[in-house]
Amino acid sequence: MEELLLRLVPDLASQWQGATEDEIEQIERIAARPLPRFYRWFLMRMGHSMGPIAYPSLDFSAQKVLSCYAEVLFVPHSRFLMIGHETEEMMPLHVLYDFEHPARDDARVTKRHAMGGAIHDQFETFREMIAWGEFWMSRVNKFPQRCMGSLVNRGGDVVSLLDPVVKSLGFKTPILTGPCCTLYEGAHAAMVTNTTPGDDTEFHI
């Protein structure tokens with residue numbers, strides 16, 4: 001993951017800023033469980049600033065996470081941990097870990113209002129959310145021609161059929177992903193797909 005981000009954004013290492021060990025330990029106490037391995041890496045590298053890959057309206061900093069809990073905007077929960085504060089006032093759906101769905105040294109990320117209500121699942125892992133977004137911005141979105149569509153494998157899952165075909169054309173996968181998200185990189189093209197975790201994996205966009 002680190003190799004991918006530093007390749008996509010060559011000056012990233014000079015601009016990201018990690019959280020302190022004390023801040024990480026405070027967040028772990030709020031979670032009341034060991035933090036996912038990827039999230040600990042994220043905090044160590046980007047817990048103060050994500051540099052040029054920061055989201056326009058989402059604050060993933062350790063300081064914001066701690067202040068939200070200190071101000072009781074969120075209260076500690078055995079299942080959820082708020083990791084990204086949405087600053088958009090019109091629809092403030094914040095990013096939370098859902099520890100009920102661990103995956104690959106990480107866990108599912110969902111969006112939810114601070115007051116509760118419906119949850120909106122996003123990615124199987126926070127790692128895939130960050131990688132998918134930056135790969136889209138830095139690779140797919142930079143090509144002069146782009147196309148979008150839907151992929152369907154009725155009664156099965158899309159990735160099981162898509163993966164061997166795309167790789168036979170010379171594309172490689174820069175990071176390991178699960179059945180709900182793909183990243184493919186070729187010499188002159190790139191491709192991403194995803195579907196909502198918990199939904200049927202026979203549909204990808």
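All conditions but one from (1) surrounded by fewer than 18 Cβ atoms within 10 Å (Cβ to Cβ); (2) within 18 Å of the chain's Cα centre (by Cα); (3) under 22 Å from PHE74 (Cβ atoms) apply to ARG29; the one that does not is (2). Checked against (1) touching a His at 6+ places or on another chain (Cβ under 9 Å); (2) part of a helix (DSSP H, G or I); (3) loosely packed, with under 13 Cβ neighbours inside 10 Å, MET91 passes all but a single condition, namely (2).
Out of all the residues in segment 62-81, is one or more of a type in the set (Lys, Arg), on the phi > 0 side of the Ramachandran plot and assigned by TED's automatic domain parsing to the domain that holds TYR39? First the steps, then the outcome.
Of segment 62-81, the ones of a type in the set (Lys, Arg) are 64, 79.
Filter once more, so that each one left must be on the phi > 0 side of the Ramachandran plot: none.
No, segment 62-81 contains no residue that is of a type in the set (Lys, Arg), on the phi > 0 side of the Ramachandran plot and assigned by TED's automatic domain parsing to the domain that holds TYR39.
Screening segment 167-178 for residues that are under 22 Å from the mean Cα position of the chain (by Cα) and loosely packed, with under 15 Cβ neighbours inside 10 Å and picking the one that is nearest to HIS101 (Cα to Cα) gives LEU176. Assessment of segment 150-166 against the conditions (exposed (fewer than 14 other Cβ atoms within 10 Å of the Cβ), outside the structural domain of SER78 (by TED's automatic domain parsing), among the basic types (Lys, Arg) and closer than 22 Å to ALA189 by Cα) yields no matching residue.
Condition (residue is closer than 25 Å to MET91 by Cβ, surrounded by 15 or more Cβ atoms within 10 Å (Cβ to Cβ), modelled with pLDDT of 95 or more and of a type outside the set (S, T, N, Q)) applied to segment 136-145: is it met by at least one residue? For segment 136-145, residues closer than 25 Å to MET91 by Cβ, surrounded by 15 or more Cβ atoms within 10 Å (Cβ to Cβ), modelled with pLDDT of 95 or more and of a type outside the set (S, T, N, Q): present.
The values are calculated or read from the model by the stated rules, or taken from the named source; none is laboratory data. In this text the structure is predicted, and so the values were computed from the model without any measurement. As a convention, Cβ positions derive from the backbone with ideal geometry for all residues, glycine included, and neighbour counts pool all protein chains shown.
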